[in-house]
Amino acid sequence: MTELATSPAAADEAPAVEETRGLWVDGWADLRRRPRFWIAAALILVLLLMALAPSLFTSVDPAVGELSRSRQPPGDGAIFGYDLQGRDVYARTIYGAAPSLAVGFLATLGTMVIGSLAGLLAGYSQGWADSLLSRIGEVFAGLPFVLGGIVILTSLNEPGEIVGAQELVFQVVLTIVVLTWPVAMRIMRAAAIETAQQDYVKAARALGAGPFRIVLRHILPNTLAPVLVYGAIQFGVFIGAEATLSFLGIGLRDPVVSWGVMIAEAKDRVQDIPWALFFPAGFLVVTVLAFVMMGDAVRDALDPRGR
Amino acid sequence: MAPLLEVEDLRVEFGRGPETASVLNGVSYHVDEGETLAVLGESGSGKSVTAQTVMGILDLPPGRITGGAVRFRGEELLGADPERRRLLRGESMAMIFQDALSALNPVYTVGFQIAEQFRFRRGLSRRDATARAVEMLDQVRIPNAKQRVKEYPHQFSGGMRQRAMIAMSLALDPELLIADEPTTALDVTVQAQIMDLLDELRRERGMGLVLITHDLGVVAEVADRIAVMYAGRVVEHADAATLYARPGHPYTRGLMDSVPRVDDVAGAPLRPIPGLPPSLAAIPDGCPFHPRCAHAVDRCVTEVPALRELGGDHQAACHFAERFVAEGTDRPTTHEVVSG
Amino acid sequence: MTSPILSVRDLVKHFPITRGVLFRRTIGHVRAVDGVSLDLHPGETLGVVGESGCGKSTLAQVLMRLIPPTGGTATFEGEDLFAKKGAALTAWRRDMQIVLQDPYTSLNPRKTVGDIVGEPFDIHPEVAPKGDRQRRVQELLEVVGLNPEHIRRYPHQFSGGQRQRIGIARALALRPKVIVCDEPVSALDVSIQAQVLNLLGDLQREFGLAYLFIAHDLGVVRHLCDRVAVMYLGSIVESGSAEDIYRRASHPYTQALLSSVPVPDPSLRGRREAIRLSGDVPSPADPPSGCRFRTRCPKARPVCAEEPPALEVRAATDHPAACHFAEPPHLVRSE
């Protein structure tokens, strides 16, 4: 196991090459060059700041309503106007960021992590683990979302029970994750099955690579793209799903304010007070856009063929 | 009389700006009735793009025809009325592809797909069209044709599928058949059957056959004339016997020296062509082959060689073609040992 | 003759054909490899030729321990290959490596060339100390004729022939004694194919490798192989030295195969004997009784349907062929 025959010159004055870098380092280097990434990152940063420190953006209490100011259009004092109960739409939109983002982010993370793990396991192992996970997934995916949401949330809380904001956010996230992870699993499973058949997996096995190495180094990086895209799109869908639960009275509710709650409240009075719908919906759209852009940029950066 | 098909100085580009790939850089060849022209080249040489341009099935964009002419029996096809070209396809010229499985629609029976042509282009009834489809399958030597018309493409083996493709393309009696790597996906025993079949059909019908392939063996067995393509140009053209015995272009010579043959004497070394074919976005100046050519001199770097007439119907695009023709090939084979 | 480094006896690999979603039941078996025996000696090249579906790639995968065998035995340097487990199996993998056919799918598109060629050292850290790995990888790239400065490039930046060289460098990294080449040049253009074949030949001389060379192209096998085994429907029908097979083929299938290969010489047109087989290869799920080739064989007689011919040397031949009527061919008809 000594020297491989090579011209001595090449061995001595080894060309000045940097260490070989991995996908993630190269991907990050590529990401930094993409304007799309920086725009998305800036937007997400502002949104995060809004969620963590709403008082930086407004000093108005979002819960205080003065009926005398009901339905006042945007103008003096309140740049986004007032809603039906005379509450400041701007302040409510700012304070609504935290629960909305929390639900969107945690639910996306939850579905993607659980779905991907299950999908990788099912797709790589095939056999009985695959059958078992696929059948379990079908049971959950078969539940209609609204029905499933009612069942889960009403069994967690007694009707009329007062639940803290954090606990409620957690419950909503749990509901969404439980009902949607099979979709992420199916995407991951299909991608993993396809990748596992590639010759480079065969070559790695012939080298003696263990299952962990194969899954982490070969399968996961090549299956991440479709799940990332799915996650970025689902982010917005989940914030919407939270609104649906709120509308049914089983999701987030007063005094917790979220964009979903605001949209649900305002949607019957669109002609009357359009600004009460327009502003939270606009923030939601921008947020979703920012995450879709981010997902897109990350996906492209992780594909060396696109560079 | 005008040849059946004449391609003259055809130029095609893909893409725009600095990324522009010059895929065809002045391709000329012609085919007469009843003869086989082999277009020999490696991937990226432009052999398939030429065929697709002739058939009018090249995707434009991204492709762009920037010059040249394609004439069928003297009629100019580039810029002709699309309806006229559509009529010519199938009726006058047809094409078969390497991958017969993806060229056949999996949800219809083979018979239905052949009969379709008779129904829509000849106005035959369903019954008559099916009868003609059975006839066609018979003609391409598919055993038990009456039963097999009712089967789906996936029930056919690779060789049978290629036969069905041939039946389909010949249904309307075209005068010209372009076969794009028709046997590349097939096993060698099946390849031999299909090549025999194509040769027989060409003779029976007196049609012109353009055989596009990378396989020097297949070419040697069936071609009357051969056009060798490299980097979007025809670099050499000759009749089969001349080309193999006295190649005038070092690329042709290099191909012959690098192909492993079953009749090689034991231990005979291969002499590969060094390097890689050029990127079509950055074709070298001068002779496109000069970076890989062992005989290149300064002139090859600066001056694009024109096709030089070498006597008979033999041309090669090399400044020193006469010298290479005089040298001939020198590869020892067991066949020579046996018969010589 | 030295003792074989790899010795295979009666190897069988059947794939079950299953139906049903919830309760899978087996309704038949694809007999991909059905009783193959062969010996590979150190430093030699054994060619395994056959058409698609003959089981040659399955044979490679079973021998690489990528899929389990159904039956039969194999020994590597005298040790039972199929009994190896855990650390012994991992250690054995250093001695036997594989080069795969498709240079486009055999390299992970998201890893750099340095990572791909260096992965063997990650899996077998005892082979090269960590600080030494980059130098080793660069040496390997140089050995296979690539620019060692390109370790940070990704596979898509290379042509098909260069990718195949990367695959060869990966297989070579652990300095194996045997490399299984599974159609290593069939995806390459003629001019590139010759480069890679010459490279394989050079590496064999330099490192004393033994190749199990699996291919469908008889010309390619002619060039690289010392001995050749011809497979049809899961079994070896003829085996012998390259000269035995190419000059004195005695099984009708080998003869037909050789006569079907087009020779790049127009002057031989019409002068070579053309044996054309009719029909297609039968399904390996339902092979013919007796001799498996009999359905396409020009020489078939009733006995062929009843009695499977053994792979053995017969009266008229000097090397083993599995045909009751094995006899040497008539060579090229002279003018």
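The values are calculated or read from the model by the stated rules, or taken from the named source; none is laboratory data. What you are looking at is a predicted structure, and each value in this text was computed from that prediction instead of being measured. Every residue, glycine among them, receives a Cβ derived from its backbone with ideal geometry; neighbour counts consider all protein chains shown. Ligands, DNA and RNA are stripped out before the accessible areas are found, and what is left, the full protein with its side chains, is counted by its heavy atoms. Shrake-Rupley method; radii C 1.70, N 1.55, O 1.52, S 1.80 Å.
The set of residues in the range A:80-119 that are of a type in the set (Ser, Thr, Tyr), crowded, with 23+ Cβ neighbours inside 10 Å and in a helix (DSSP H, G or I) comprises A:THR93, A:TYR95, A:SER100, A:THR108, A:THR111, A:SER116.
All of (1) farther than 18 Å from A:GLY104 by Cβ; (2) of a type outside the set (D, E, K, R); (3) surrounded by fewer than 23 Cβ atoms within 10 Å (Cβ to Cβ) hold for A:ALA290 with one exception: (1).
Would the range C:48-71 turn up any residue that is farther than 19 Å from C:TYR211 by Cβ, outside any loop (DSSP other than H, G, I, E, B), among the hydrophobic types (A, V, I, L, M, F, W, C) and open to solvent by less than 10 Å² (accessible area, probe 1.4 Å)? No. Hey, can you tell me all the residues within the range B:309-334 that are in contact with a Ser or Thr (Cβ under 7 Å, 6 or more places away or on another chain) and open to solvent by 10 Å² or more (accessible area, probe 1.4 Å)? Matches in the range B:309-334: B:GLY312 only. Report yes if some residue within the range B:121-138 is touching a residue at least 40 places away in the same chain (Cβ under 8 Å) and assigned to a loop (DSSP other than H, G, I, E, B); otherwise report no. No, because not a single residue in the range B:121-138 is touching a residue at least 40 places away in the same chain (Cβ under 8 Å) and assigned to a loop (DSSP other than H, G, I, E, B). Within the range C:97-115, the residues that satisfy the criterion of being of a type in the set (A, V, I, L, M), within 8 Å of chain A (Cβ to nearest Cβ) and touching a strand residue (DSSP E or B) at 6+ places or on another chain (Cβ under 8 Å) are C:ILE98, C:LEU100.
For the range C:122-133, the condition of being of a type in the set (Gly, Ala, Ser) and either away from chain A (no Cβ under 12 Å) or closer than 23 Å to A:ASP199 by Cβ (or both) holds for none of the residues. Scanning the range A:134-177 for residues that are open to solvent by 30 Å² or more (accessible area, probe 1.4 Å) and not small (Gly, Ala, Ser) yields a count of 23. Under the condition of being modelled with pLDDT of 85 or more and either assigned to a helix (DSSP H, G or I) or touching a strand residue (DSSP E or B) at 6+ places or on another chain (Cβ under 6 Å) (or both), the residues counted in the range A:33-69 number 18.
So that you can scan it fast, the table gives a plain yes or no per residue for (1) hydrophobic (A, V, I, L, M, F, W, C); (2) open to solvent by 50 Å² or more (accessible area, probe 1.4 Å):
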residue: C:LEU268; (1), (2): yes, no
residue: C:PHE293; (1), (2): yes, no
residue: C:CYS297; (1), (2): yes, no
residue: C:PRO309; (1), (2): no, no
residue: C:ARG314; (1), (2): no, no
residue: C:THR317; (1), (2): no, no
residue: C:PRO320; (1), (2): no, no
residue: C:PRO328; (1), (2): no, yes
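I need the full set of residues from the range C:258-291 which are polar (S, T, N, Q) and closer than 22 Å to B:LEU255 by Cβ, in order please. The answer is C:SER260, C:SER267.
Of all the residues that make up the range C:78-111, how many are within 22 Å of C:VAL196 (Cβ to Cβ) and surrounded by 17 or more Cβ atoms within 10 Å (Cβ to Cβ)?
Number satisfying all stated conditions: 14.
Yes/no matrix, rows are residues, columns are (1) exposed (fewer than 14 other Cβ atoms within 10 Å of the Cβ); (2) more than 22 Å from B:LEU198 (Cβ to Cβ); (3) of a type in the set (A, V, I, L, M); (4) at pLDDT 85 or above:
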{"position": "B:LEU77", "(1), (2), (3), (4)": "no, yes, yes, yes"}
{"position": "B:SER92", "(1), (2), (3), (4)": "no, no, no, yes"}
{"position": "B:VAL110", "(1), (2), (3), (4)": "no, no, yes, yes"}
{"position": "B:ASP138", "(1), (2), (3), (4)": "no, no, no, yes"}
{"position": "B:SER157", "(1), (2), (3), (4)": "no, no, no, no"}
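When restricted to residues that are surrounded by fewer than 21 Cβ atoms within 10 Å (Cβ to Cβ) and in a helix (DSSP H, G or I), the range B:94-108 contains 3.
Within the range A:222-255, the set of residues being surrounded by fewer than 24 Cβ atoms within 10 Å (Cβ to Cβ), in contact with a Leu (Cβ under 9 Å, 6 or more places away or on another chain) and among the charged types (D, E, K, R) comprises just one member, A:ARG253. The set of residues in the range C:134-147 that are more than 8 Å from chain A (Cβ to nearest Cβ) and open to solvent by 50 Å² or more (accessible area, probe 1.4 Å) comprises C:GLY145, C:ASN147. Of the helices (runs of 4 or more DSSP H) that lie entirely inside the range C:110-179, those containing 1 or more residues that are more than 24 Å from the chain's Cα centre (by Cα) and without any contact (Cβ under 8 Å) to a residue 24 or more places away in the chain span C:113-123, C:133-143.
Can A:GLU158 be described as acidic (Asp, Glu) and either over 30 Å from A:ALA290 (Cα atoms) or assigned to a loop (DSSP other than H, G, I, E, B) (or both)? So A:GLU158 fits the description; yes. The residues of the range B:258-287 that are away from chain C (no Cβ under 14 Å) and surrounded by 21 or more Cβ atoms within 10 Å (Cβ to Cβ) amount to a single one, B:CYS287.
Looking only at residues of the range C:234-250 that are more than 10 Å from chain B (Cβ to nearest Cβ) and among the charged types (D, E, K, R), we find that the one that is most open to solvent (accessible area, probe 1.4 Å) is C:ARG248. Criterion first (modelled with pLDDT of 90 or more, surrounded by fewer than 24 Cβ atoms within 10 Å (Cβ to Cβ) and of a type in the set (A, V, I, L, M)) does C:LEU174 satisfy it? For C:LEU174, the condition - modelled with pLDDT of 90 or more, surrounded by fewer than 24 Cβ atoms within 10 Å (Cβ to Cβ) and of a type in the set (A, V, I, L, M) - is met. Among the residues of the range A:34-60, just one is touching a residue at least 40 places away in the same chain (Cβ under 8 Å), under 22 Å from A:PHE278 (Cα atoms) and open to solvent by 70 Å² or more (accessible area, probe 1.4 Å), namely A:LEU48. When the range C:180-195 is filtered for residues that are surrounded by fewer than 24 Cβ atoms within 10 Å (Cβ to Cβ) and under 20 Å from C:SER57 (Cα atoms), the ones remaining, listed by number, are C:GLU183, C:SER186, C:ALA187, C:LEU188.
Within the range B:222-250, if we keep just the residues that are surrounded by fewer than 24 Cβ atoms within 10 Å (Cβ to Cβ) and of a type in the set (Asp, Glu), the residue that is farthest from the chain's Cα centre (by Cα) turns out to be B:ASP239.
If you check A:ALA63, A:ALA122, A:ALA141 for being of a type in the set (Gly, Ala, Ser), touching a residue at least 24 places away in the same chain (Cβ under 8 Å) and under 19 Å from A:ALA243 (Cα atoms), only one passes: A:ALA63.
Flag set for A:ILE219, criterion: closer than 30 Å to C:VAL117 by Cβ, assigned to a helix (DSSP H, G or I) and within 14 Å of chain C (Cβ to nearest Cβ). Among the residues of the range B:195-221, those that are crowded, with 22+ Cβ neighbours inside 10 Å, touching a Ser or Thr at 6+ places or on another chain (Cβ under 7 Å) and part of a helix (DSSP H, G or I) comprise B:MET195, B:VAL218, B:VAL219. Of the residues C:ARG296, C:ARG314, the single one that is more than 14 Å from chain B (Cβ to nearest Cβ), at pLDDT 85 or above and over 18 Å from C:TYR246 (Cβ atoms) is C:ARG314.
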